[in-house]
Every structure is written in structure tokens, then in C-alpha cells.
Amino acid sequence: MKYLLAALCVSAFFLGGCTKENPQDDTPDTLVAQEIKAFNLCINPARTFNVGVTVDGRNWLNSLSFRNGDGPNLFLNIKEPDTIFRVFALYDQDWQRLDTLGLTPTAKTGKYALWCFGNAASAGFRAPKMLLAPLRSDKPSDFSANIRFLHTWVDQDSVTIRYNGVLLTKIGYGQMTPFFNIFPSSTDRLVMLNATNDTLQFSSGELFSSNQNYTLALTYTIQNPILGSNSRLTYLKRQE
């Protein structure tokens, strides 16, 4: 019996070794995912239009309306250790290309927002463009909130932002700030000023909830604004 038990142990050892050294060939590679949602903040003083987005030449969005991020999310599965490089192309509703963005994300996994903004009637710096930004998943637990800003007001070179009388940031057109940590209250005041300290937008009251992350995109209320009209300037608040 002693010899039989020893033989069984040796057999089990070699069988276990064979299993480890010869994994199944049809085991799938590890997949990592990116989830992307697009937002259309593009304007045109002449007309209202929707935008379309392609990824690596394949159609993703056909007709995304202004200030709308309700289109289908894009899920990208990537096999490690492939290099991730995607080409995003932005089109108007007549499928005239507006911008192209080639991107290698620094983080291979996670959620992103693709912000589309600019003036379709302009060329150069204020022409339509795209910005892909990772979303923040770690939320505060101390009753504070994290907020950041994206400047898409095409007729403002820079915007100064004050929160409860304190200077948060001065941001240039087309830029996105890092996150700022604040403690929301029911008497919050958010003021946005132009380069000559004229008030562009003022909000007060209970603006943010605790233990949340927000992106505020400085934008327009309608897609074909009369540029320079302060009453048409606002922001799109997105909770992440």
C-alpha cells in the first residue's frame, strides 16, 4: 500500500506539471476595454447641423445633435499587448470632414469623453476640432466634489473662473483644466469673466453634489449663436 500511494503521488505530480506547461491553445487573450461617449458642441452662425464620427474609417455616429451626448457609446476591445492607436474623424451632416484626431491613450482601459467643438464656418484655430479626455472614476468620500472645465466659447480667447469669490483658473480657448477639489454648499457662486473682466456667465445656489466628479464645458445655448452675445453663453455640466 505504501508503494502504491507513492506511485500515485508521483503520477499526480507529473500530470500537474504537464497541465501547467501546456495551457490550452484556444484560451482567449486578455481583453481590456475603452468606453467612449461623444458630445457635440460645434456651432455654426448660419445653420443648425448635426455631426457624425468615424473610428478607423468605420461609421460610429451618424447624426449627433447639438449639446447632445445621447448617441451610442463606443466600446473598443483591445488585445494586450497591442499598441492602441485610433483615428477619429469628425463630419458635418453632409459628410464633409471637419477634423481628424489620431490618438494613443495613455491609459488603455477606462472611460473617455470625446468632445467635439468649434465653429464650422471658421478656419484655423476656431475650426471644429475634437478632444478626447479620460473620465475620473475615483470619487471623493469627504463630502467634497471634483470639477474641471473645458473652454469651447469660440469668441472668447480666455475665460477667468471664480468659485465663491476665489480664483480657480484662467483657461484658454480649446483647453481643459485639471480637476479642482471644492466643498459644495447651497450658496455656491460660479462666475465666468472674459479678458476684460466682464461677466459672461453667473450661477448661484446648489450647483454641485458632494462626493461627485463634474466636467463643465463652456458652451452656447443654441448652435447658431450671434457671436459676442453674452446671454447665449452657458455651460454644460456633466457628472462623471
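Counting only protein heavy atoms and a 1.4 Å probe, region 111-191 has 43 square angstrom of accessible area per residue. Sorting Lys129, Lys139 on solvent-accessible area from highest to lowest, probe radius 1.4 Å, gives Lys139, Lys129. Whole-Hz Karplus values for region 173-190 come out as 4, x, 9, 10, 7, x, 7, 10, 9, 10, 10, x, 8, 7, 10, 4, 10, 10 Hz, taken residue by residue from phi with 6.51 cos²θ - 1.76 cosθ + 1.60 and θ = phi - 60°; glycine and proline positions read x.
Each residue was assigned an accessible area with a 1.4 Å probe, and for Asp142 the value is about 80 Å².
The values are calculated or read from the model by the stated rules, or taken from the named source; none is laboratory data. From a predicted model like this one, the values you see are computed outputs, not experimental measurements. Heads up: the accessible areas ignore ligands, DNA and RNA and are worked out on the full protein's heavy atoms, side chains in. Shrake-Rupley method; radii C 1.70, N 1.55, O 1.52, S 1.80 Å.
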